[in-house]
Amino acid sequence: APEIETSRKLPPEEALPLLRQWIAAGVARSVDLYDDENAGVIDEFVPLYRLAEENGLKLKAHAGELCGPSRVRESVEKLNLHAVQHGVRAIESPEVADLLAERGTLLHICPTSNYSLGVCDSLESHPARRLHQRGVKLTVNSDDFTLFGAGVSDELLNLSVMGFSPEEIVEIVEHGLREGR
């Protein structure tokens, strides 16, 4: 199903009437706040997320790939997120990683993107393994195939390079099938 994507650079007062129209169309299952993770004031997007929540949409936002764990916490708590696109820098704060685990907030990780953008020095040192050990739910996804050249199958194979067992990889796939929609 389509996802309603809102740029952090679009003023929320301009996005709100558009969001109402998209919700009225009845085809979207989720809403996502994307673009430069440091752009925009999260508080200003809260009304959009409350509207989406009232209409039963899954709530997602990009955070924690280029920005640190405080932006992940702020996004999760203020927007009441079900899922965070990336979120891997949450590992830099044990408290934020534990918050994600306690809330059951899903992280949609994209290892190739994270490595390419310098979030980790290698796939072997990717933070997903440590997040998983703290009880954070993960799915694996691709991120802009034309830019990073990796599809979901590639990212699934990367999980084994990152130290995940076949059973853990199945668990991650099941999170995606069950909760990642």
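Just checking, does the stretch 34-53 include any residue being touching a Gly at 6+ places or on another chain (Cβ under 9 Å), open to solvent by 60 Å² or more (accessible area, probe 1.4 Å), modelled with pLDDT under 95 and in a loop (DSSP other than H, G, I, E, B)? Give the steps one after another, and end with the answer.
Initial filter on the stretch 34-53 (touching a Gly at 6+ places or on another chain (Cβ under 9 Å)): 37.
Now narrow it down to the ones that are open to solvent by 60 Å² or more (accessible area, probe 1.4 Å): none.
No - not one qualifying residue is present in the stretch 34-53.
When the stretch 86-104 is examined, which residues are found to be surrounded by fewer than 22 Cβ atoms within 10 Å (Cβ to Cβ) and under 18 Å from residue 140 (Cβ atoms)?
101, 104 - these are the residues of the stretch 86-104 that are surrounded by fewer than 22 Cβ atoms within 10 Å (Cβ to Cβ) and under 18 Å from residue 140 (Cβ atoms).
Looking only at the stretch 54-87, how many residues end up being part of a helix (DSSP H, G or I), of a type outside the set (Asp, Glu) and either closer than 19 Å to residue 20 by Cβ or out of contact with any Lys or Arg (no Cβ under 9 Å at 6 or more places or on another chain) (or both)?
Within the stretch 54-87, the first condition is being part of a helix (DSSP H, G or I), and the residues that meet it are 54, 69-79.
Remaining after also requiring of a type outside the set (Asp, Glu): 69-73, 75-76, 78-79.
Then keep just the ones that are either closer than 19 Å to residue 20 by Cβ or out of contact with any Lys or Arg (no Cβ under 9 Å at 6 or more places or on another chain) (or both); that gives 70, 73, 75, 78-79.
Adding up the residues that qualify gives 5.
Of the residues that sit in the stretch 151-170 and are open to solvent by less than 40 Å² (accessible area, probe 1.4 Å) and not β-branched (Val, Ile, Thr), which one is nearest to residue 127 (Cα to Cα)?
162
Assess whether residue 5 counts as being open to solvent by 90 Å² or more (accessible area, probe 1.4 Å), under 22 Å from residue 179 (Cβ atoms), touching a strand residue (DSSP E or B) at 6+ places or on another chain (Cβ under 9 Å) and among the acidic types (Asp, Glu). Don't jump to the end; show me each part of the working.
Values: open to solvent by 90 Å² or more (accessible area, probe 1.4 Å): yes; under 22 Å from residue 179 (Cβ atoms): yes; touching a strand residue (DSSP E or B) at 6+ places or on another chain (Cβ under 9 Å): yes; among the acidic types (Asp, Glu): yes.
So residue 5 fits the description; yes.
Restricted to the stretch 127-150, and to residues that are β-branched (Val, Ile, Thr) and surrounded by 12 or more Cβ atoms within 10 Å (Cβ to Cβ), which residue is nearest to residue 30 (Cα to Cα)?
Only one residue tops the list, namely 139.
Out of the residues in the stretch 129-151 that are among the aliphatic types (A, V, I, L, M) and in contact with a Gly (Cβ under 9 Å, 6 or more places away or on another chain), which is modelled with the lowest pLDDT?
Per the criteria, the residue is 140.
Restricting the first residue to the stretch 28-40 and requiring it to be over 11 Å from residue 10 (Cα atoms), which pairs with a second residue that is exposed (fewer than 13 other Cβ atoms within 10 Å of the Cβ) meet a Cβ separation below 8 Å and a spacing of at least six or different chains?
So the pair list comes out as 28/1; 28/2; 29/1; 29/2; 29/181; 30/1; 30/181; 36/9.
Tally up the residues in the stretch 55-70 that are among the basic types (Lys, Arg) and open to solvent by less than 30 Å² (accessible area, probe 1.4 Å), please.
Going through the stretch 55-70 one residue at a time, the tally reaches 1.
The values are calculated or read from the model by the stated rules, or taken from the named source; none is laboratory data. Only a predicted model underlies this, so the values are computations on that prediction, with no experimental measurement involved. Note that we place each Cβ from the backbone using ideal geometry, even for glycine, and neighbour counts take in every protein chain shown. In case anyone asks, the SASA skips ligands and DNA or RNA and just uses the protein heavy atoms, side chains included. Shrake-Rupley method; radii C 1.70, N 1.55, O 1.52, S 1.80 Å.
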